[in-house]
Amino acid sequence: MALLSVRCNHCGAPIEVGESTRFATCQFCNSQLQVTQTASSAYTEVVQQIAEQNTRMMGNLRVIEVQNELERLDREWGEERCHYYIKGKDGHKHRPSTLGGIIGFVIAAVAAVIAISHAIDGEKSATYAIISGSVAVLLGLFSTYLLYSAHAFNKAEIIYLDRRDFLLQELGNARDESSQVCSSAE
């Protein structure tokens, strides 16, 4: 078996290893070394340093994973929230509001009162009673739709914000862990 002459990456001492050797221990400084051989050279790396680099990379990878998850969540919410939006008179979409539904119900109640008063008046006001009653029913249905849409939007937004807060906390934890690993390695 042929021997290769390499130097300890930690203290620089000469070490002789076999061609198939992957790991060695320096007899001068007791560093654990990984022996790397290429077609033209052979060299050593301190195993502890490799492990620390891997640990740092894993911490940085976790930060990147959480950042990507956060970006994906924001992108998905941007697409999802458009499904809840309501078209206005001018064609622009806007967020549904509970206030709009409540105002609609108040107007529907006024229209219902008018319809009832016209119905009490008799035949003369029957047309007005039908019109007022129809307006009351349509406004009531539309207001129900507005309230349902606002409720569905708010519920979806709460789920999104809770998930986003959780991911932000995870990101902070991952950054803390990553910086602790980096500072302990120095």
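Quick note: the coordinates plus some simple rules give every number you see, no bench work behind them. The structure displayed is predicted, hence computed values, not measured ones. Note that we place each Cβ from the backbone using ideal geometry, even for glycine, and neighbour counts take in every protein chain shown.
Numbers for the structure displayed
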{"quantity": "Lys/Arg +1, Asp/Glu -1 at C-beta; the chain dipole; positive extreme among Thr38, Thr55, Asn154", "calculated": "Asn154"}
{"quantity": "Cα-projected label distance for Tyr128 with Ile102, points at 7 Å along beta-carbon direction, nm", "calculated": "3.1"}
{"quantity": "Cα-centre dipole for the chain with unit charges at Cβ (Lys and Arg positive, Asp and Glu negative), debye to 20", "calculated": "560"}
{"quantity": "FRET E, pair Asn54, Ala152, Förster distance 30 Å, beta-carbon r, rounded to 0.05", "calculated": "0.05"}
{"quantity": "Within the chain, helix-based [θ] at 222 nm, where runs of 4 or more DSSP H residues each add -39,500 (n - 2.57), nearest 500", "calculated": "-24500 deg cm²/dmol"}
{"quantity": "Eligible aspartates and glutamates near Lys93 by straight Cα distance, threshold 15 Å, same-chain separation 8 or greater", "calculated": "Glu79, Glu80"}
